[in-house]
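Colleague: The structure is given below, and queries will be raised subsequently.
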Amino acid sequence: KFEEIPSSTKPLPFRIEDIPSVWQCDSSTSWLVDGLIPEAGVTLLCGDSGIGKSTLALALAGAVAHGNKFLGRATVQRPALYVDRENPLAVVRERIDRLGIIETAALTIWGLWVDPMPDGPTAASILQFASAYRPLIIFDSLVGFHPGSEQDASETRKHMQAYIRLAAAGAGVIVLHHTGKADTAK
């Protein structure tokens, strides 16, 4: 038999009347990259394979980690986590060198060469990191982390909720996505 919880420790029931008025809530947007990448939001960076999405995203991660301008726009200096299931170490290192990204503890790249293999957006470690540091987190690319069919709207919606949870925890989230190769998939 279960013991009754003393009434002083019982959670109060949820009431619709306790929802704060939307008119009283702060609705301003804070930016990691001024006018381009929001804090506590999800940004999808889409394009054909090989056009430079990963290079652009890595440059962005370096700029935020160092607090440098990105494409002429101010950034907020934050830790950046680049979670990569797309590119081998040699490719990432070549890009870092070409972009001139200076080593910093504020930029972590979790790639396929790391044991354990990069976790996806549902990982407790990534959610804790998001809550603790309000970082920039980049996932390269969607197909590498999506456990189901990208063509199934229900599965994709469920998967996207994980990125939304990270944003709700305070992270600026960027997800790279390859557009389809067939005309009917674009």
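The values are calculated or read from the model by the stated rules, or taken from the named source; none is laboratory data. Computed from a prediction, not measured in an experiment: that's the story for all the values here. Virtual Cβ from ideal backbone geometry, glycine too; neighbours counted across all protein chains shown. Just so you know, the surface numbers come from the protein's heavy atoms only, side chains and all, with ligands and any DNA or RNA stripped out. Shrake-Rupley method; radii C 1.70, N 1.55, O 1.52, S 1.80 Å.
Colleague: Given PRO135, TYR82, ALA124, which one lies farthest toward the positive end of the charge dipole of the range 75-186, if we put +1 on the Cβ of every Lys and Arg and -1 on the Cβ of every Asp and Glu?
Modeller: PRO135
Colleague: Amide H of VAL175 versus every other amide H placed in the peptide plane: which residues, excluding those fewer than 5 positions away on the same chain, fall under 5 Å?
Modeller: So VAL175 has HN proximity to THR43, LEU44, LEU45, PHE139.
Colleague: Let me ask something else. Out of the total accessible area of the chain (probe 1.4 Å, heavy atoms of protein only), what percent is carbon and sulfur?
Modeller: Details: 6420 of 11590 Å².
That share works out to 55 percent.
Colleague: Right, something else. Full-extension gain between ASP26 and PHE14, please, as 0.36 nm times their residue separation minus the C-alpha to C-alpha distance.
Modeller: On the way: separation 12, 0.36 × 12 = 4.32 nm, distance 2.25 nm.
Full extension of this stretch gives 2.1 nm more.
Colleague: A further question on this structure: If the cut-off is 13 Å between C-alpha atoms, which aspartates and glutamates fall inside it for LYS69, apart from same-chain ones fewer than 8 positions away?
Modeller: ASP34
Colleague: Please check: in the Gaussian network model of the chain (C-alpha springs, under 10 Å), which one of LEU107, LEU58, LEU71 has the largest mean-square fluctuation.
Modeller: Between LEU107, LEU58, LEU71, it is LEU71 that shows the largest mean-square fluctuation.
Colleague: Give the Kirkwood hydrodynamic radius (Å, one decimal) of the range 5-59, defined as one over the mean of 1/r across all pairs of different Cα atoms.
Modeller: Evaluated on the range 5-59, it is 16.2 Å.
Colleague: With a 1.4 Å probe and all protein chains left in place, how much accessible area per residue does the chain have, in Å²?
Modeller: 62 Å²
Colleague: Which of GLN161, PRO147, HIS177 sits farthest toward the positive end of the charge dipole of the range 134-180, with +1 on the Cβ of Lys and Arg and -1 on the Cβ of Asp and Glu?
Modeller: Of the options given, the answer is GLN161.
Colleague: So if I take the alpha carbon set of the range 109-186, get Rg, then get Rh from the Kirkwood formula, what is the Rg over Rh ratio?
Modeller: Ratio of gyration radius to Kirkwood radius: 1.00.
Colleague: Suppose a student asked you for the relative contact order of the chain, using Cα pairs under 8 Å spaced at least 6 residues apart; what percent would you report? Provide the component values of the computation, followed by the final result.
Modeller: Values: 293 pairs, mean separation 51.1, N = 186.
Relative contact order for the chain comes out at 27 percent.
Colleague: Determine the percent antiparallel among the DSSP beta bridges restricted to the chain, to the nearest 5.
Modeller: For the chain, the DSSP antiparallel bridge percentage is about 15.
Colleague: I need the calculated FRET efficiency for the pair VAL143 and LYS69, taking r as the beta carbon distance and R₀ as 30 Å, to the nearest 0.05.
Modeller: 0.45
Colleague: With only alpha-carbon atoms in the gyration tensor, what are the semi-axes of the equivalent ellipsoid for the range 76-142, in Å, largest first?
Modeller: 20, 16, 9
Colleague: May I ask for the percentage of alpha-carbon pairs in the chain that lie more than 27 Å from each other?
Modeller: Distances greater than 27 Å cover 36 percent of the Cα pairs.
Colleague: Which residues in the range 51-67 place their backbone N less than 15 Å from a point set 7 Å from the Cα of ILE102 along the Cα-to-Cβ direction?
Modeller: The answer is 62-67.
Colleague: Right, next: Specify whether the C-alpha gyration tensor of the range 33-93 places it in the rounded, prolate or oblate class, a ≥ b ≥ c being the square roots of the eigenvalues: rounded for a/c under 1.5, otherwise prolate if a/b is larger than b/c and oblate if not.
Modeller: Prolate.
Colleague: What do you get for the angle between helix 53-66 and the principal long axis of the chain? Use alpha-carbon atoms, 0 to 90 degrees, nearest ten.
Modeller: With both axes taken from Cα atoms, the answer is about 70 degrees.
Colleague: Please find the FRET efficiency linking SER154 to VAL91, where r is the Cβ-Cβ separation and R0 is fixed at 41 Å, and quote it to the nearest 0.05.
Modeller: Values: r = 34 Å, r/R0 = 0.82.
My answer for the efficiency is 0.75.
Colleague: Can you tell me the relative contact order of the range 55-123? Whole percent, Cα pairs under 8 Å, sequence separation 6 or more.
Modeller: 33 percent
Colleague: By how many degrees, between 0 and 90 and to the nearest 10, does the Cα long axis of helix 89-99 differ from the longest principal axis of the chain?
Modeller: For 89-99 against the chain, the angle is about 80 degrees.
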